[in-house]
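Derivation of every value follows stated rules applied to the coordinates shown; laboratory data play no part. Values in this document were obtained by computation on a predicted structure and should not be read as measured data. We place every Cβ from the backbone using ideal geometry, glycine too, and count neighbours over all the protein chains shown.
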Amino acid sequence: MDNGRYNTKRQQGEVIMQTALKKEQHYTYSDYCTWDDGERWELIAGVAYAMSPGASFAHQSVNVALLTQISNYLQGKSCKVFTAPFDVRLNADTDDDTVVQPDILVVCDPSKFHPKGIVGSPDFVIEILSPSTEKHDRNTKFRLYQRHGVREYWIVDPSSETVSINTLNSGKYITQLHFKEETVHVNVLEGCAIDLRKVFD
């Protein structure tokens, strides 16, 4: 699609993440809310990124398995889990030019709940890799979530059946890699253990 606002490129049926066509244009959440064209977008520092129109079988399978275990753990607790598409405005109190849609997120502060999404940083974010988003998730979003104080960021790779757990410590992520055979703990959710064998089954 090229509607004069964005530049996207299709390869093997997927939308590849690209920056806005006019790089000098700085978009905000107000602009984002007017884009009613049936496509999904994220904003990072005012730059529009196209999102893949559909998830693969592996992506969906991993998403559901993670969401199920997290949802079961959160039953009766104050923290809430959400899944994409669901807007997260990371800097609504300043420029309001960054809106992301993580695959899975957990928020424990009810003051961040908004009728149209989340305002502020989630406590816990999961992104599930696909060929079209891997670089974006491992680099751009890694720096973004770190900068905005997301306390824990998981990068889940269905192809290698691994999870990279990034935990915020003094403003920087400390990274640990985990494998399919393990049961791993969510550091920001005390007592929450995720069986990776069920995730990658």
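Things to note:
- Pairwise Lys count, the range 57-199 - Cα closer than 24 Å, eight or more residues apart or different chains: 15
- For the range 144-201 and the range 68-95, distance of Cα centres in Å: 16 Å
- Taken along its three principal axes, the alpha carbon spread of the range 80-137 comes to 35, 26, 17 Å, from the longest extent down to the shortest.
- Rounded to 5, the percent of DSSP beta bridges in the range 98-201 classed as antiparallel: 80 percent
- Efficiency of FRET from Cβ geometry, His148 and Ser71, R₀ 30 Å, rounded to 0.05: 0.75
- Loop-located GluC sites (Glu not before Pro) in the range 21-105 (DSSP state not H, G, I, E or B) with no more than 13 neighbouring Cβ atoms inside 10 Å: Glu24.
- Length gained when the stretch Thr34-Gln176 is fully extended (0.36 nm per residue, less Cα-Cα span): 47.1 nm
- A dipole drawn for the chain from +1 and -1 charges on Cβ atoms has a positive end, and of Asn166, Thr98, Gln25 the residue lying farthest that way is Asn166.
- With N the number of residues in the chain, Rg(Cα) / (2.2 N^0.38 Å) evaluates to 1.01.
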